[in-house]
Structures are given as C-alpha cells and as structure tokens.
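Structure first, then comments.
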Amino acid sequence: MIQRLRQDLKNDLIAGLLVVIPLATTIWLVFTIARWAIDFLTRIPKQINPYNNLHPILVNMLNLVVGVTVPVLFILLIGLMARNIAGRWLLDLGEKLLQAIPLAGPVYKTLKQLLETVLKESKNK
C-alpha cells in the first residue's frame with residue numbers, strides 16, 4: 001500500500017513537472033523577448049523617437065502591444081522554421097550549440113528526451 005502510494009506520488013510529480021516546465025519556459029521566453037523589445041524601443045533617442053510626444057497612457061499601451069506582439073511573432077517564426085528543411089537545419093545547429101554549453105547542454109537534452117517520451121505516449125493513447 002505504501003509502495004503504491006509512493007509510486008502514485010512519483011508519477012504525479014513527474015506529470016506535474018512535464019506540464020509546468022514547458023509552460024514556465026514558454027512564459028519566461030515570452031517575458032524575456034518582450035522585455036528586450038520594450039527596452040530596445042525605449043532606448044531610441046528622444047530626438048528621433050516618433051512616440052516621444054504621445055500621452056504616457058498611450059505609450060504604455062503601445063509598449064504592451066509591442067511586448068505581446070514581438071514574442072508571439074518570434075514563436076511563430078520558430079514554428080515556421082521547424083516545419084521546413086532550412087529551418088530544421090538552423091534549429092538543429094542551434095540545438096548542437098546549446099548542447100555544447102557545459103551546464104545547459106545536459107539539462108536541455110534531458111528535458112527534450114522527457115518531452116519527446118511524453119508526447120509519444122500521448123499520441124499512442
């Protein structure tokens with residue numbers, strides 16, 4: 001009985017991690033790209049910035065729109081690349097470079113294998 005409970009807890013933990021890790025990674029990626037885009041736009045010198053004379057609320061709304069649009073377009077571009085031959089080659093190259101990084105490589109490889117296993121199992125059901 002205790003062994004069964006232990007196995008159930010282990011399975012629940014793994015299932016939870018497999019849901020949370022990709023979700024958290026995606027959220028982190030979206031916020032990072034959004035922050036980069038907003039920082040890039042706010043570093044434009046005031047003399048040549050066409051949005052310099054806008055109302056602050058309008059500027060904040062523009063930052064929000066850019067902050068959401070740029071990451072979504074970036075993710076769509078990666079998805080498009082993943083679906084064609086040249087893009088697949090670029091993604092494979094990026095994956096090889098990532099796996100060459102001492103600490104990030106093994107973590108990435110492990111997460112990728114876990115996700116591939118889970119996705120295969122969910123397709124078989």
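The values are calculated or read from the model by the stated rules, or taken from the named source; none is laboratory data. Everything quoted here is computed from the prediction, not taken from an experiment. So basically every Cβ, Gly included, is an ideal-geometry build from the backbone, and we count neighbours across all protein chains shown.
Tabulated results
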| quantity | calculated |
| --- | --- |
| Test: Leu62 is within 27 Å of Ile14 (Cβ to Cβ) and surrounded by 13 or more Cβ atoms within 10 Å (Cβ to Cβ) | no |
| Pairs where the first residue, in the stretch 33-60, is modelled with pLDDT under 75 and the second is of a type outside the set (S, T, N, Q) and surrounded by 10 or more Cβ atoms within 10 Å (Cβ to Cβ), C-beta under 7 Å, 6+ apart | Leu41/Val66; Tyr51/Val59; Tyr51/Leu62 |
| Those residues of the stretch 69-89 which are farther than 27 Å from Ile14 by Cβ and surrounded by 14 or more Cβ atoms within 10 Å (Cβ to Cβ), in sequence order | Val70, Pro71, Phe74, Met81, Gly87 |
| Cβ-Cβ under 8 Å pairs, at least 6 apart or on other chains, the stretch 88-109 side of a type in the set (Lys, Arg), far side assigned to a helix (DSSP H, G or I) | Arg88/Met81; Arg88/Ala82; Lys109/Gln99 |
